[in-house]
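The block underneath contains the structure these notes are about, expressed in structure tokens.
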Amino acid sequence: MKTFRFILLLTLFIPIIGMSQTNKNEVKAASSNQIEAYYFHNTYRCITCKTVEAEAKADLQSLYGSQVTFKALNLEDDATKAIAKKLEVSGQTLLLVKGDQKINITNEGFLYARSNPVKFKMIIKEKVDKLLE
């Protein structure tokens, strides 16, 4: 039993050590005229979490090209904490940002990214188009 606990603790701490070695990129908030999509996530993610990221990124690219940028940010990375604090994000979040405007589409992402990606794409288009007005 003690060996099992040791192995369990070891498997939990090895990824934490690896996270401290990750590349720390500065991330700046969106300028007032640029629309940016941020997907804040944790290190360990389920298939739905990964699908939300992949679908949102692909949808934004296909609909808007370089007009809307997409950034996936690990909340457990020290370099991400400043932008998460600035955008008032504390957990997994899919956020559209233009200047001071923020639209949170996390719920829609988790509801539709896997089960109805076409509907998710329509929601993204509707929300981004509002920011483009």
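Laboratory data are not the source of any read-out in this text; all were calculated from the coordinates shown. In this text the structure is predicted, and so the values were computed from the model without any measurement. Here the Cβ is made from the backbone with ideal geometry for all residues, glycine too, and neighbour counts use every protein chain on show.
Rg over Rh for the stretch 25-132 works out to 0.93, using Cα positions for both radii and the Kirkwood form for Rh.
How many percent of DSSP beta bridges within the stretch 25-132 run antiparallel, rounded to 5? Here the antiparallel bridges make up roughly 60 percent for the stretch 25-132.
Applying 0.36 nm per residue to the separation of Thr69 and Glu133 and subtracting their alpha-carbon distance, the gain on full extension is 21.3 nm.
Taking a ≥ b ≥ c as the square roots of the eigenvalues of the Cα gyration tensor, an a/c ratio of 1.5 or more together with a/b no larger than b/c marks the stretch 71-133 as oblate. Summing charges over neighbours of Glu126, with a neighbour being any other residue whose Cβ is under 12 Å away from its Cβ, gives +1 when K and R count +1 and D and E count -1. Close Lys pairs in the stretch 25-132, defined as Cα atoms under 16 Å apart and 8 or more places apart or on different chains, number 29.
Remark: spin-label model distance Gln61-Asn33 equals 2.6 nm, labels positioned 7 Å along the Cα→Cβ axis.
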